[in-house]
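Right, one structure below, let's go through it.
The values are calculated or read from the model by the stated rules, or taken from the named source; none is laboratory data. These numbers come from a predicted model, not from an experiment. A quick note on method: Cβ atoms are made from the backbone with ideal geometry, for glycine too, and the neighbour counts reach across all protein chains shown. Accessible surface is based on the protein model in full, side chains and every heavy atom, while ligands, DNA and RNA are left aside. Shrake-Rupley method; radii C 1.70, N 1.55, O 1.52, S 1.80 Å.
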Amino acid sequence: MQITVTNVSYTYMPGGPFAVEALRDVTVTFASGETHAIIGATGSGKSTLLQLLNGLEKPSEGSIDAGGHTITADSRQKDLFDLRRHIGMVFQFPEQQLFAETVLEDVMFGPLNYGDDRETAEKKAYRALEKTGLPPSLAERSPFTLSGGQMRRAAIAGVLALEPKLLLLDEPTAGLDPDGQEEIMRLFSEWQQEEADRTLLLITHDMNLTARKADHIVLMESGRVRTEGTPSSLWTREDLIEEGVLPLPETSRILAGLCTESKAPPAVDAFTVEDAADRIASWVRKGEPDA
Amino acid sequence: MLEHVLIGQYVPGRSVVHRLDPRAKLASLFLFMVFLFVSRELVVLGAAAVLTAAALLSAGISLRFFWKGTRLVLIIVALTFFLHLFLTQEGRVLLEIGPLAVYSGGLLEGFVVGFRLLLLIVLATLLTLTTTPVDLTDGIESLLRPLSYVRVPTHEFALMMSIALRFIPTLLTETQTIMKAQMARGAAFSRGSVWNRLKAFLPVLIPLFSQSFKRAEDLATAMEARGYNGGAGRTKYRELSWKLSDTLIFCMFLAFAGLSLWTRIG
């Protein structure tokens with residue numbers, strides 16, 4: 001599902017002493033079937049943008065076009081409800097939103113809300129649980145008895161059960177150990193690759209993750225889009241790196257270190273361990289940059 | 001909707017009302033509360049309105065912001081008005097709609113009670129808007145101190161209150177996040193019958209409760225980790241200071257109390 005954001009501004013609590021302009025004139029397109037990463041400092045408007053995309057908040061100005069629906073300042077809740085059917089959203093620490101008596105009931109909540117009968121909802125729920133790697137034996141347990149990692153999976157299953165076309169993730173790996181982060185991201189990548197038009201859009205502070213997984217990166221800065229592009233096109237822009245708005249992923253940092261050491265022009269756009277190793281190997285072979 | 005609720009919120013400022021001693025504000029509000037309901041003379045209601053308006057205007061808070069935050073409470077005022085309007089049967093009949101009759105006494109009673117409630121809400125909201133929760137607690141603790149001689153745990157009461165006040169905004173934010181998360185899964189809070197709407201809040205309330213218990217535990221641990229062991233022998237970093245302006249304000253409210261009492265007796 002493609003999403004087009006046109007000249008969107010958003011102000012929290014307009015008119016009061018606590019009014020905050022969270023987004024200013026944002027225009028950006030998220031192409032269908034790709035993985036998009038929104039990065040930027042805390043308070044740069046990432047989460048607000050994410051919430052606008054599935055109509056949880058309405059833009060103060062401008063419009064958002066998502067899969068044939070248009071969201072503007074005066075969109076009606078009914079239309080937004082229809083829109084959300086196709087857009088799943090995983091909030092930060094989603095495990096805090098579990099509520100039902102059993103894991104199964106909790107995962108079925110979404111499908112039931114969108115009008116599925118119990119049988120269909122149950123089928124979808126079991127499918128979603130399987131995708132997240134939770135054994136079916138946990139389905140009848142109370143979600144509050146699960147471990148932290150399992151709770152997060154159960155919560156994610158609750159979103160996947162909606163069978164969305166677009167998945168919005170707000171820092172999906174926050175608070176997980178490295179293995180857990182890897183597993184959760186693998187789960188989402190697999191989900192996306194199952195069908196050609198499935199789109200993944202995530203907010204993250206993890207540059208390694210962004211560099212490896214994203215097809216398209218949007219860098220936010222104080223409520224505006226600072227710049228956007230592919231990982232290679234962004235991490236070759238010295239102005240952004242020098243300014244400190246765009247931290248380097250680990251592989252790039254190693255390559256950058258080697259380049260400075262040998263006074264060669266920086267070439268840091270290798271984001272997996274394999275690519276970085278290849279790059280270094282080729283330097284060694286050619287005898288440059290003096291490695 | 002929820003982000004506009006003003007209860008328990010503090011708006012920073014340097015106005016006269018902000019700088020008053022919390023004890024002066026609390027005591028004045030208490031006097032106001034009691035004596036507003038003692039008399040129903042026009043003079044007293046007028047004086048109360050003047051006091052409230054003066055306090056509101058000198059607090060330097062945007063009136064639009066204030067109105068947005070209090071308009072939900074107006075439902076209660078309206079409800080009170082209509083209850084009195086229809087249930088009081090004094091004076092002459094002004095209007096008859098089927099089995100309902102509006103008496104002149106009811107109209108008057110509705111106005112008086114509704115107006116009193118409105119003034120009270122405005123002034124009480126103003127108190128929390130212009131006083132930091134810490135000041136408010138210090139004020140209450142200080143005013144209740146005499147009770148601690150009869151073994152009432154005043155410090156603990158004050159602490160409980162300040163913690164409760166402190167977490168109102170946190171709970172509101174959290175409620176909103178959870179509501180949004182459930183809305184993203186198709187929950188509808190504004191559709192269907194009243195019963196269905198109430199049921200729709202269950203998926204919000206349960207996570208909210210479980211989070212609150214967890215937070216309470218974390219807070220207790222954090223307090224103990226920093227050596228908190230109750231009120232005995234605890235000194236204060238910030239001492240309250242009673243100034244001339246506090247005396248003046250308090251005297252104004254005392255005068256109001258006197259006026260109210262005088263119209264009642266006289």
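What to note about this one:
- Residue ranges of helices (runs of 4 or more DSSP H) in the range A:71-170 with at least 1 members within 14 Å of another protein chain (Cβ to nearest Cβ), open to solvent by less than 10 Å² (accessible area, probe 1.4 Å) and at pLDDT below 90: A:77-84
- Check on B:Leu143, in a helix (DSSP H, G or I) and at pLDDT 90 or above: yes
- Residue count for the range B:180-202 under the criterion of being open to solvent by less than 80 Å² (accessible area, probe 1.4 Å), at the interface with chain A (Cβ under 8 Å from one of its Cβ atoms) and assigned to a helix (DSSP H, G or I): the result is 5.
- Of the residues screened, B:Phe111 is not one that is closer than 21 Å to B:Val16 by Cβ and either out of contact with any Asp or Glu (no Cβ under 6 Å at 6 or more places or on another chain) or crowded, with 18+ Cβ neighbours inside 10 Å (or both).
- Subset tally (residues that are more than 14 Å from chain B (Cβ to nearest Cβ), of a type in the set (D, E, K, R) and more than 14 Å from the chain's Cα centre (by Cα)) for the range A:38-61: 1
Table: residues versus (1) in contact with a Ser or Thr (Cβ under 7 Å, 6 or more places away or on another chain); (2) open to solvent by 10 Å² or more (accessible area, probe 1.4 Å); (3) within 14 Å of another protein chain (Cβ to nearest Cβ); (4) free of Cβ contacts under 8 Å to residues at least 12 places away in the same chain.
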| site | (1), (2), (3), (4) |
| --- | --- |
| A:Ala31 | no, yes, no, no |
| A:His36 | no, no, no, no |
| A:Ser63 | yes, yes, no, no |
| A:Gly67 | no, yes, no, no |
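- Boolean, B:Arg197 is at positive phi and out of contact with any helix residue (DSSP H, G or I) (no Cβ under 9 Å at 6 or more places or on another chain): no
- B:Ile75 free of Cβ contacts under 8 Å to residues at least 12 places away in the same chain, surrounded by fewer than 18 Cβ atoms within 10 Å (Cβ to Cβ), closer than 30 Å to A:Met13 by Cα and of a type in the set (Val, Ile, Thr): yes
- Test: residue in the range A:207-219 that is in the same structural domain as A:Val28 (by TED's automatic domain parsing), open to solvent by less than 40 Å² (accessible area, probe 1.4 Å), closer than 20 Å to A:Thr48 by Cα and part of a helix (DSSP H, G or I): yes
- Restricting attention to the range B:1-59, the residues that are at pLDDT 90 or above, outside any helix (DSSP H, G or I) and either in contact with a Cys (Cβ under 9 Å, 6 or more places away or on another chain) or among the charged types (D, E, K, R) (or both) add up to 1.
- Of all residues making up the range A:171-206, the number that are in contact (Cβ under 8 Å) with a residue 12 or more places away in the chain, part of a helix (DSSP H, G or I) and closer than 30 Å to A:Gly68 by Cβ: 7
- Checking each residue of the range B:157-169 against the condition of being surrounded by fewer than 19 Cβ atoms within 10 Å (Cβ to Cβ), within 13 Å of chain A (Cβ to nearest Cβ) and out of contact with any His (no Cβ under 8 Å at 6 or more places or on another chain) gives at least one match.
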